[in-house]
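J.: Attaching a single structure in structure tokens format; questions to follow.
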């Protein structure tokens, strides 16, 4: 979900600089300013400029050196640098499902004392769960995300389909029927923004009331190839093949949607900001995340989390930065810059109640805020990379025509094999 | 020759030898060592000596053997194809006709494009829904193709992409080799009544054997270690059809965090590559002085 965030980093910069001056921080500079300035490093692909100037202003004794890398490089560099016991980066960006993996390897400093239960109670519960491994908070969340159903209202209406209202939750069957009504030539009805990643696809099986991994965080045999999974991904496979309502190949969902080549999609709340900025020549709206008929509401969430390198030589300074990054001030800065969706319950309530958010497109914000109630994190497992990668290949193969049962059986066998090293 | 003069060549070689030592031999030794260790999942982050476990784990993994099969198939085709086509291209652009300079430039242009850029550009052109190639096929009323999305076609598409750059590049070496063959030999053969085919098989090809051996060995090394196209275009899929061994080893190390198995894979691969290259040298070594 986070790979899309970086494209808004430039947009955020101007707003961040202005906001940085106005922010009132709870993190005051220490009394003795003459002390030596500490430099800490933060490896990230996030729009760091949105909060770093505000942090510097409130903490003149700490300099944050941002190491900006691509989304994929964050994972690779963490793996190599933390795995080799490096002292840097001091502040580590951790994608939520990797918290368990990093925790198992002992790469991050437990932060329970720095974030008491009272402060954690202010965050969305699913995200606290994601940041905790073995009962210890090792990587507090900084963002949040809840997925919405976006649609091109003009095309749906022209095809005789009545679009969902802002409170109306469509079923997947309704999505399929609407997609059939609008698909023609190179125009497709529906696609997930992350069409081959478990993050956005997990509501398909989970919405049928089944888990995505065993209670031990390692078992998948009999779980990811259970009948409900096969049924869910049979639908996904047919959407791409037999019914041909979803596009194949490598896709830029925002471009397809903006060019009216894709009429409906599931995307995160970041899309509200980016679509608004495009000033599209058609009416687009958003609705709650779809479900199966009679199924459970499952809305994927998760966010980047920040951890402190266990080998850092500047742990205190790194912890102060993490505290700031999880504060209300930072949450507000990121939200106002359009970079992210806040993880603080107070801010979500503010968004829901705001009189500014009563007309489209801003009306989509309260929908996303309300969807946080159904936020469901990704599977918590030390082998998340293996789990995601192997399932991702299976999803891609299904998109290209392979059968759901065959692919899920094969994926279960491969994941089980990779998980053995964690036993 | 004085003792000092005798040492001079070695002094000139020293910087290169040092760089090779640092950037080649030390990583090989470090990789070999890593292949006998495994990550100990503890707060110490220490590594644990596991003997041959990483190798046993690897040899017991069907995905690994599938990757070996794909790599061997890829190389069996691409190396022969590139050597044959680059030799053919060199023979063509070695002709002394008007405007040959223009054609040489045109045919050698792909060399200027990095494999990463070429892979991405071809990836866009071969997109099954919005790509240029299927657009052309549609215009010609021919069936559109899935290309990289098909387990049957993806490896052939990769072979095509790497050859698009590889063929003109290796042709340059053949061209240099061809231009080193004295014209008098060709003329003598023609006077003796040799036709063009006889001239090629009895004069050109034997005299190009050093170049051919070099190109064959170099393409083998380059293509056995091919990484960028599966990384950028296919993620090893569909269904493992393009899971070349370098990509598989990278994924084990940097996606799955299993550096031990990754190092074991690379160590075995290095051993196999040395054997293949040695065999090529033995079989194709020049028979003339």
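Laboratory data are not the source of any read-out in this text; all were calculated from the coordinates shown. Keep in mind the model is a prediction, meaning the values are calculated, not measured. Heads up, the Cβs are rebuilt from the backbone with ideal geometry, glycines too, and the neighbour counts pull from every protein chain shown.
J.: Given R₀ = 30 Å, FRET efficiency for residue B:98-residue B:121 by Cβ-Cβ distance, to 0.05?
T.: Computed FRET efficiency for residue B:98 and residue B:121 comes out at 0.40.
J.: Can you tell me, using C-alpha contacts under 8 Å and at least 6 residues apart, the relative contact order of chain B as a whole percent?
T.: Relative contact order for chain B comes out at 28 percent.
J.: Can you give the angle from 0 to 90° between the axis of helix A:328-337 and the longest principal axis of chain A, with both taken from C-alpha atoms, to the nearest 10?
T.: 50 degrees
J.: If you rank A:346, A:155, B:215 by fewest surrounding Cβ atoms within 10 Å, what's the result?
T.: Listing A:346, A:155, B:215 from fewest to most nearby Cβ atoms yields A:346, A:155, B:215.
J.: Calculate the spin-label point distance for residue A:167 paired with residue A:358, positioning each point 7 Å from the Cα along the beta-carbon direction, and give it in nanometres.
T.: Taking the two extended label points, one gets 1.5 nm.
J.: Order by neighbour count: A:130, A:372, fewest other Cβ atoms within 10 Å first, most last.
T.: Listing A:130, A:372 from fewest to most nearby Cβ atoms yields A:372, A:130.
J.: What FRET efficiency, computed as 1/(1 + (r/R0)^6) with R0 = 35 Å and r the Cβ-Cβ distance, is obtained for residue B:139 and residue A:174, rounded to the nearest 0.05?
T.: Efficiency computed from Cβ-Cβ geometry: 0.40.
J.: Give me the number: length gained by fully extending residue A:405 to residue A:373, i.e. 0.36 nm times residue separation minus the C-alpha to C-alpha distance, one decimal in nm.
T.: 8.3 nm
J.: Please work out how much length the chain gains when fully extended from residue B:191 to residue B:80, using 0.36 nm per residue of separation minus the C-alpha to C-alpha distance, in nm with one decimal.
T.: Fully extending the segment from residue B:191 to residue B:80 adds 36.6 nm.
J.: A further question on this structure: Taking only DSSP H segments of four or more residues, each worth -39500 (n - 2.57), what value at 222 nm results for the protein assembly as shown once the sum is divided by all its residues, to the nearest 500 deg cm²/dmol?
T.: -15000 deg cm²/dmol
J.: Any chance you could give the angle, 0 to 90 degrees and rounded to 10, that helix A:404-419 forms with the longest Cα principal axis of chain A?
T.: 20 degrees
J.: Next up: Would you mind telling me the antiparallel percentage of the DSSP bridges in the protein assembly as shown, rounded to 5?
T.: 60 percent
J.: If I model a spin label as a point 7 Å beyond the Cα along the Cα-Cβ vector, how far apart are those points for residue B:210 and residue A:76 in nm?
T.: The two pseudo-label positions are separated by 3.9 nm.
J.: Mind giving me the nanometre distance, one decimal, between the label points for residue B:202 and residue A:277, set 7 Å out from Cα along Cα→Cβ?
T.: Taking the two extended label points, one gets 7.3 nm.
J.: Still on this model: Could you tell me the relative contact order of chain A? Use alpha-carbon pairs under 8 Å, at least six residues apart, and round to a whole percent.
T.: Result for chain A is 26 percent.
J.: Helix A:227-240: angle to the longest alpha-carbon principal axis of chain A, degrees 0 to 90, nearest 10?
T.: 80 degrees
J.: Still on this model: Please compute the contact order of segment A:122-256 in relative form: average sequence separation of alpha-carbon pairs under 8 Å and at least six residues apart, divided by the residue count, as a percent.
T.: Answer for segment A:122-256 is 17 percent.
J.: For chain A, what proportion of DSSP beta bridges, expressed in % and rounded to the nearest 5, is antiparallel?
T.: Given both bridge residues lie in chain A, the antiparallel proportion sits at roughly 55 percent.
J.: Would you mind ranking A:384, A:422 by Cβ crowding within 10 Å, fewest neighbours first?
T.: A:422, A:384
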